[in-house]
1. Which residues, counting only those in the stretch 44-80, are farther than 20 Å from Ala97 by Cα and in a helix (DSSP H, G or I)?
2. Could you identify the single residue in Glu59, Glu40, Glu45 that is in contact with a Leu (Cβ under 9 Å, 6 or more places away or on another chain), crowded, with 17+ Cβ neighbours inside 10 Å and of a type in the set (Asp, Glu)?
3. From (1) within 23 Å of Lys25 (Cβ to Cβ); (2) more than 12 Å from the chain's Cα centre (by Cα), pick out the condition that doesn't hold for Gly74.
4. Would you confirm whether any residue within the stretch 87-103 is outside any loop (DSSP other than H, G, I, E, B), modelled with pLDDT under 95, more than 19 Å from Leu30 (Cβ to Cβ) and touching a Gly at 6+ places or on another chain (Cβ under 8 Å)?
Amino acid sequence: MIEDVLTRCHDRQELWYLPELTRIKGELMLRSARHCEDAEARFREAMEIAGQQGARFWELRCAISLARLKMGAGQNRDALTVLGNVSGAVGAGAEIADMRTAHELMAQLRT
């Protein structure tokens, strides 16, 4: 189903939500242990697309998904780096839920 939505997104040149769709694809891949590496690739792809679009809040949401994956793999330092880099780029907007989530995850990683 997600593949159909991604195809329509590309066909219609409605690319503004492509980072979120790609992130969701990664989240769905996490439901299968054998697709864990593919999920990480989708999260990184989504972050890259969001960065190219200047869509910092999509990029933050993707970073949160990637950080959670890294945390689950015991790669806390990598998770903290990902979150720190992206949340610093977002700057203002600390009151939004995704920014609060990022800050909470970073606090958890620092303890």
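The values are calculated or read from the model by the stated rules, or taken from the named source; none is laboratory data. Bear in mind that the values here come from a model prediction, so they are computed numbers and not experimental data. Cβ coordinates were reconstructed from backbone atoms using ideal geometry, including for glycine residues, and neighbour counts include every protein chain displayed.
1. Of all residues in the stretch 44-80, those farther than 20 Å from Ala97 by Cα come to 44-45, 48-49, 52-53, 70, 72-78.
Of everything in the stretch 44-80, those that are farther than 20 Å from Ala97 by Cα and in a helix (DSSP H, G or I) turn out to be Arg44, Glu45, Glu48, Ile49, Gln52, Gln53, Lys70, Gly72, Asn76, Arg77, Asp78.
2. Details: Glu59 fails: in contact with a Leu (Cβ under 9 Å, 6 or more places away or on another chain); Glu45 fails: in contact with a Leu (Cβ under 9 Å, 6 or more places away or on another chain).
Answer to the check: Glu40.
3. Checking Gly74 against (1) within 23 Å of Lys25 (Cβ to Cβ); (2) more than 12 Å from the chain's Cα centre (by Cα), the one that fails is (1).
4. yes
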